[in-house]
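Notes follow once the structure below has been shown.
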Amino acid sequence: MAQDDLRMELRDLRDQIEALRSALADAARPYTELMSYVERLQDFSRGYFRILDLYAKYGKVSPDLVIPGLKDDISRHIVVALFDKPDRNISQITEAVKGKRGTASRRIVRARLANLKEQGIVVATPGSRTRTFRVADGVAEKWSQVLGVPKYKDQPHEDQGTNR
């Protein structure tokens, strides 16, 4: 009988310990979530300070920092326009370059796009009526690394049928 009482007390103690473990896990959960938010905030602030550092060093924050081979002004404006809004056709790119630069012709924009495509900076995506262009994924990845803001892998790309 003493053994039975002892076993019951041990079971009760075991149940109480499990209840305490569960209560501690429930109490610690908000702190764990809070720490994940703090880590995210640190990542964002690192990226922000990285952008400030780039601005202090170069006087601007522009994608042409990643692509040092861009020698002419029109090519730089084309890349910036495609970073601003990807999947544009030649007319839309020409208008965007005109808006930034003042002048640009379709013929010159088309020639620069061909050069950028050969260099692997721009990718042409054939559409139903017109070809559209966007910055190559490798260049976009380099740009996000320069900024210190990692590209989110969990977001689908426009090629996969959903918009960002």
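What does the helix-only formula give at 222 nm for the chain: each DSSP H stretch with n ≥ 4 adding -39500 (n - 2.57), the total divided by the residues, and the result rounded to the nearest 500 deg cm²/dmol?
The helix-only estimate for the chain comes to -22000 deg cm²/dmol at 222 nm.
When only C-alpha pairs under 8 Å and at least 6 residues apart count, what is the relative contact order of the chain, in percent?
19 percent
From the phi angles alone, apply the Karplus equation (6.51, -1.76, 1.60; θ = phi - 60°) to segment 88-102 and give each ³J(HN,Hα) in whole Hz, x where the residue is Gly or Pro.
With coefficients 6.51, -1.76 and 1.60, one gets 10, 8, 4, 4, 5, 5, 4, 5, 5, 5, 4, x, 7, 9, x Hz.
Would you kindly derive the ³J(HN,Hα) couplings of segment 111-124 from the backbone phi angles with the Karplus curve 6.51 cos²θ - 1.76 cosθ + 1.60 (θ = phi - 60°), listing them in order in whole Hz, with x for Gly and Pro?
5, 5, 4, 4, 5, 5, 5, 4, 6, x, 8, 10, 10, 8
Along Cα→Cβ, 7 Å out, is where each label goes; now give me the distance between the ones at residue 31 and residue 3 in nm to one decimal.
If labels sit at residue 31 and residue 3, their model points lie 4.3 nm apart.
Give the ranking of 101, 112, 11 by solvent-accessible surface, highest area first, calculated with a 1.4 Å probe.
Largest to smallest exposure gives the sequence 11, 101, 112.
Leaving out ligands, DNA and RNA, what percent of the accessible area of the chain is carbon and sulfur, probe 1.4 Å?
Accessible surface attributable to carbon and sulfur in the chain totals 54 percent.
Show me 71-79, 129-137, 35-43 ranked by packing, highest mean number of other Cβ atoms within 10 Å first.
So the order, starting with the most tightly packed, is 71-79, 129-137, 35-43.
Sort 8, 1 from largest to smallest accessible area, using a 1.4 Å probe on the heavy atoms of the protein chains.
Largest accessible area first, the list is 1, 8.
In terms of solvent-accessible area of protein heavy atoms at a 1.4 angstrom probe, what is the ranking of 9, 118, 33, highest value first?
Order by accessible area, largest first: 118, 9, 33.
Residues with amide H under 5 Å of residue 132's amide H, sequence separation 5 or more or different chain, H placed in the peptide plane at 1.01 Å from N; which?
Answer set, sorted by chain and number: 125, 127.
At 1.4 Å probe size, with no ligands or nucleic acids counted, give the accessible surface of residue 53 in Å², nearest ten.
Using a 1.4 Å probe on the heavy atoms, I get roughly 60 Å².
Per residue, how large is the accessible surface of the chain? Use a 1.4 angstrom probe and give square angstrom.
Ligands and nucleic acids excluded, the figure is 73 Å² per residue.
The values are calculated or read from the model by the stated rules, or taken from the named source; none is laboratory data. Only a predicted model underlies this, so the values are computations on that prediction, with no experimental measurement involved. As a convention, Cβ positions derive from the backbone with ideal geometry for all residues, glycine included, and neighbour counts pool all protein chains shown. The accessibility values were calculated without ligands, DNA or RNA, using every heavy atom of the protein model including side chains. Shrake-Rupley method; radii C 1.70, N 1.55, O 1.52, S 1.80 Å.
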